[in-house]
Amino acid sequence: MSSKLVLVLNCGSSSLKFAVVNAENGENLISGLAECFNLTDARLKWTINGKKESTSLPPMSAHSEAIAYIVDHIIKKETGLASKFVAIGHRVVHGGEKFTHSVLIDEDVINSIEKCISLAPLHNPAHILGIRAAQVAFPELSQVAVFDTAFHQSMPAKAFMYALPYELYKEKGIRRYGMHGTSHLFITQEAAKALHKPISEVNIISAHLGNGASVTAIKNGQCVDTSMGMTPLAGLVMGTRCGDLDPSIIEHLIAHEGYTLEQVMDILQKQSGLLGISGISSDFRTITEEHLKNNPRATLALDMFCYRLAKYIASYAVPLGRIDALIFTGGIGENSALVRQKILELLSIFSYHLDTEKNATTILGKSGIISAKNSPVVMVIPTNEEWVIAQDAVALVAKSALIGA
Ligand code: AMP
């Protein structure tokens with residue numbers, strides 16, 4: 001077994017995803033999810049050697065109890081596994097403008113993640129809890145923070161600024177930061193390999209379509225625009241999030257319709273998107289099934305999802321000029337041949353043509369070109385954010401060892 005193993009942690013406010021990743025090939029040896037934190041039915045499920053297992057955690061468990069269980073009952077049971085760990089890699093949602101790359105975690109970094117709490121009030125406090133718990137569980141190992149926002153820090157001001165008074169940006173940090181950066185970075189690296197070009201010469205549009213969805217314009221290997229905003233609420237139609245909307249709607253609902261701000265934010269984040277439009281589900285598989293049964297609201301949800309996405313993709317012709325490939329990823333992007341077909345139909349002005357057979361068979365973790373020979377290139381690439389986190393963690397630990405030597 002390789003010695004380049006990294007424990008990757010993705011800590012949310014009420015859940016924690018984890019994976020033991022081989023940084024050399026991206027293989028997940030163990031992966032799992034602890035959920036229902038601070039509730040009586042806190043629980044943990046995981047997959048090891050292809051076998052699914054689960055357990056309940058002590059009532060009211062949270063990050064430290066979950067990490068202790070993962071270490072004591074899962075990792076240590078696999079003989080010698082923990083001794084192969086090189087580092088712990090943490091996914092951190094918001095790094096503000098400070099972090100353009102992954103970093104080794106020290107007290108200064110934790111303070112900076114804390115300073116970004118107002119920009120990601122649900123996520124960043126949970127990341128700090130996870131980092132502290134992992135420091136206790138693995139005092140001898142380096143911890144690395146990999147930021148969702150880092151890849152997007154190359155955006156020019158004309159793309160990241162909102163047309164608000166400049167002071168709100170300068171003094172309050174109100175701007176577009178973008179999310180899913182680790183996924184868009186991975187897609188850029190894989191696209192460069194597939195297109196046989198150096199990353200610095202790759203111009204692509206990366207559409208990460210999952211429960212959360214974002215699309216990014218990448219020029220010469222760097223992000224030049226992206227659909228998410230200061231927070232992950234902006235941009236595309238998502239599972240339960242509304243994406244772009246007229247900000248006056250918020251004022252209207254509060255001033256004229258009697259909603260509180262909390263209720264409105266709950267609607268925008270948890271009751272909108274595919275769920276809100278269809279009234280059925282946020283799950284794209286269910287939306288597709290209902291659409292095929294001629295449910296008009298499922299069809300509307302599907303159409304709005306595709307229309308908004310196609311408009312965003314078309315608009316990225318402006319910053320890119322030349323598009324080497326359009327790439328689909330995420331649960332929907334990797335699996336929904338229907339969405340990919342509809343998007344290319346909506347983008348027919350760009351002369352896209354689908355290879356129907358390749359589109360239908362490129363699902364379930366497969367990557368490949370799905371466009372016809374006479375079309376600009378369209379590809380599916382399964383994303384692997386955990387692998388980027390593991391690779392960055394190993395690289396940073398190796399670098400610090402060199403500097404310390
Ligand atoms: P993610 O957040 O990347 O895990 O993606 C989750 C989304 O992918 C959900 O809306 C799923 O319904 C959707 N999804 C997963 N498998 C399929 C599939 N075979 N066809 C369509 N959508 C899918």
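The values are calculated or read from the model by the stated rules, or taken from the named source; none is laboratory data. Note that the structure is a prediction, hence the values are computed from the model and not measured. Using ideal geometry, Cβ is built from the backbone for each residue, glycine included, and neighbour counts are taken over all protein chains shown.
Being buried (at least 19 other Cβ atoms within 10 Å of the Cβ) and either of a type in the set (Gly, Ala, Ser) or assigned to a helix (DSSP H, G or I) (or both), is that true of even one residue in segment 317-324? Within segment 317-324 (the criterion being buried (at least 19 other Cβ atoms within 10 Å of the Cβ) and either of a type in the set (Gly, Ala, Ser) or assigned to a helix (DSSP H, G or I) (or both)), the answer is no, since none of the residues qualifies. Taking the criterion of being within 14 Å of the ligand (Cβ to nearest atom) and hydroxyl-bearing (Ser, Thr, Tyr), the residues of segment 200-230 that qualify are 206, 214.
Of all positions in segment 235-255, none carries a residue that is part of a helix (DSSP H, G or I), surrounded by 14 or more Cβ atoms within 10 Å (Cβ to Cβ), in contact (Cβ under 8 Å) with a residue 12 or more places away in the chain and within 25 Å of the chain's Cα centre (by Cα).
Just the residues that are under 12 Å from residue 380 (Cα atoms) and among the β-branched types (Val, Ile, Thr), please, taken from segment 343-369.
Here is the first cut: in segment 343-369, the ones under 12 Å from residue 380 (Cα atoms) are 358-369.
361, 362, 363, 369 - these are the residues of segment 343-369 that are under 12 Å from residue 380 (Cα atoms) and among the β-branched types (Val, Ile, Thr).
All told, residue 13 falls short of being touching a residue at least 24 places away in the same chain (Cβ under 8 Å), in a helix (DSSP H, G or I) and polar (S, T, N, Q). Quick one: count up the residues across segment 181-195 that are free of Cβ contacts under 8 Å to residues at least 12 places away in the same chain and under 15 Å from residue 323 (Cα atoms). Final tally of qualifying residues: 0.
From the list 388, 339, 397, which residue is outside any strand (DSSP E or B), away from the ligand (no atom under 16 Å from the Cβ) and either of a type outside the set (S, T, N, Q) or surrounded by fewer than 17 Cβ atoms within 10 Å (Cβ to Cβ) (or both)?
On the way: 388 fails: away from the ligand (no atom under 16 Å from the Cβ); 339 fails: away from the ligand (no atom under 16 Å from the Cβ).
Exactly one residue qualifies, and that residue is 397.
For segment 282-298, the criterion of a residue being surrounded by 15 or more Cβ atoms within 10 Å (Cβ to Cβ) and at pLDDT below 95 is satisfied by no position.
For residue 329, state whether it is within 16 Å of the ligand (Cβ to nearest atom), at pLDDT 95 or above and of a type in the set (Ser, Thr, Tyr). Yes.
For segment 51-94, the set of residues classified as assigned to a loop (DSSP other than H, G, I, E, B), surrounded by 19 or more Cβ atoms within 10 Å (Cβ to Cβ) and in contact with an Asp or Glu (Cβ under 8 Å, 6 or more places away or on another chain) consists of 57, 93, 94, listed by residue number. Of the residues making up segment 178-203, those that are under 17 Å from the mean Cα position of the chain (by Cα) and assigned to a helix (DSSP H, G or I) are 181, 182, 183, 184, 185, 186, 187, 188, 189, 190. For segment 288-298, the criterion of being of a type in the set (A, V, I, L, M), away from the ligand (no atom under 12 Å from the Cβ) and within 17 Å of residue 238 (Cα to Cα) is satisfied by at least one residue. Contact annotation: residue pairs with Cβ atoms under 6 Å, 6 or more positions apart or on different chains, pairing a residue in segment 335-346 that is of a type in the set (Gly, Ala, Ser) with a partner that is crowded, with 18+ Cβ neighbours inside 10 Å, are 337/359. Do we find that residue 206 is crowded, with 20+ Cβ neighbours inside 10 Å, part of a strand (DSSP E or B) and in contact (Cβ under 8 Å) with a residue 12 or more places away in the chain in this structure? Answer is yes for this residue. Somewhere in segment 251-268, is a residue within 12 Å of the ligand (Cβ to nearest atom) and of a type in the set (A, V, I, L, M, F, W, C)? Within segment 251-268 (the criterion being within 12 Å of the ligand (Cβ to nearest atom) and of a type in the set (A, V, I, L, M, F, W, C)), the answer is no, since none of the residues qualifies.
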